[in-house]
Amino acid sequence: MTQPTLILAAHESALLDASTARVVSAAQSFGQPVHVLVLGPAAVAAQASKLQGVARVLHAEVDGANAETVARVIADLSERYATVLAAHSMLARGALPRAAALSDAVYLSDVVAVPSARGVVRAMYAGSVLTTVQVVGRLFLTVRASAFEALAEATNAVDIETLPPVAKDERSTLVGREKASSERPDLSRARVVVAGGRGIGAAEHMKLVEALADRLGGAVGASRAAVDAGFAPNAVQVGQTGKVVAPDLYIAAGISGAIQHVAGIKDAKVIVAINKDADAPIFSLADVGLVGDLFEVLPALTARLPARIA
Ligand SMILES: Cc1cc2nc3c(=O)[nH]c(=O)nc-3n(C[C@H](O)[C@H](O)[C@H](O)COP(=O)(O)OP(=O)(O)OC[C@H]3O[C@@H](n4cnc5c(N)ncnc54)[C@H](O)[C@@H]3O)c2cc1C
């Protein structure tokens, strides 16, 4: 098929999410012109029109778009596109499978590489197995944005095509969202993440993790065991059922390295593990391993760093 490729843009209020630029580079691997669909404020469409590698932006204002509405819009456009991609967000995970079903297309999730136009690589079993899937026909996919390089901004903006008004599907309504407020950088985008696991032992000991994170200008993460024990809030859980992070530096303190945790840190550039058990599985993945008691190592590391280095 020589039809263009469509991307569903991710945005938060009036700001285009940085993941969209990464999805553009994934989309380019299909070798066709890349169009971006913005269902939201015109300001987001304007930002998308300046992304490098984008040939056209399609825009419709939709107030509080839900998965059903987004799926219907994509299905209505699907005759024009051979491939539809989105970053693996909650909305895309709801919308793209629905749109694929409405369009008689194949849906694949958690795609981490696109080696050829019809073959994609996806992560399975919490990233322990990578499978290459060949697809015949129309393909809809959600990609792990952190696995793709972001493209820079283009010098010229491309055309924005205004779509007919979209009627919201009323079958589900977003009642509200509670955002955890923090002065630290967003976990999914932070350059440095310091995470604590069950080895932290108590909620009040998370301050050791926070102190090191603050020295490094980083975000705080936690394993699911630490979250389940009430040491850290759910919003900072890293892993298969938490956030996927891709920092330059990931420091794991008192975390054993279960596959479900590792699934969330595979794209970290440098992994430092602090664990008192020299046989902990995290050491087989870590670039730097420190066998020791985190109650000694974390304060010592923090004390040796200048007030704030990032
Ligand atoms: C379907 C499913 C989804 C899951 N999703 C996730 C997920 O998204 N994220 C996630 O993290 N887990 C997830 N899990 C849970 C996962 O399997 C592990 O149970 C969890 O990651 C373990 O967390 P932990 O490493 O903190 O705890 P543990 O495995 O108990 O490890 C604690 C570590 O701390 C070390 N330690 C103890 N005291 C100290 C000390 N004083 N100094 C230094 N080291 C010390 C110990 O040696 C040990 O290695 C999931 C599980 C399932 C079944």
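Just so you know, all these numbers are worked out from the coordinates, no wet-lab data involved. Note that the structure is a prediction, hence the values are computed from the model and not measured. Ideal geometry is used to build each Cβ from the backbone, glycine not excepted, and the neighbour counts take in all protein chains shown.
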**Message:** Let's see if you can work this out: charge +1 on each Lys and Arg Cβ, -1 on each Asp and Glu Cβ, no other charges. What is the dipole magnitude of the chain about its Cα centre, in debye to the nearest 20?
**Reply:** 300
**Residue (of 307, 185, 285) at the positive-pole extreme of the range 165-310, dipole from beta-carbon charges** = 185
**Item:** At 1.306 mPa s and 10 °C, Stokes D of the range 192-304 from Kirkwood alpha-carbon radius, µm² per second
**Value:** 119
**Prompt:** What are the ³J(HN,Hα) values, in whole Hz, obtained from phi via the Karplus relation 6.51 cos²θ - 1.76 cosθ + 1.60 with θ = phi - 60°, for each residue of the range 22-32 in sequence order, with x given for Gly and Pro?
**Reply:** 6, 5, 4, 5, 5, 5, 4, 5, 7, x, 10
**Prompt:** Is there a pair in 50/207; 207/266; 168/269; 243/276 whose C-alpha atoms are over 30 Å apart, and which pairs would that be?
**Reply:** 50/207; 168/269
**Message:** Give the separation of the Cα centroids, the range 75-150 to the range 185-246, in Å.
**Reply:** 29
**Message:** Per DSSP helix of 4 or more residues, -39500 (n - 2.57); summed, then divided by the residues of the chain. What does that give at 222 nm, rounded to the nearest 500?
**Reply:** -6500 deg cm²/dmol
**Complete:** Gyration tensor (Cα only) of the range 5-162 to equivalent ellipsoid, semi-axes in Å sorted down, yields 23, 17, 15
**Item:** Principal axis box of the chain, alpha-carbon based, largest edge first, Å
**Value:** 61, 41, 37
**Request:** Compute the relative contact order of the chain as a whole-number percentage, counting only Cα pairs closer than 8 Å that sit 6 or more residues apart in sequence.
**Result:** 15
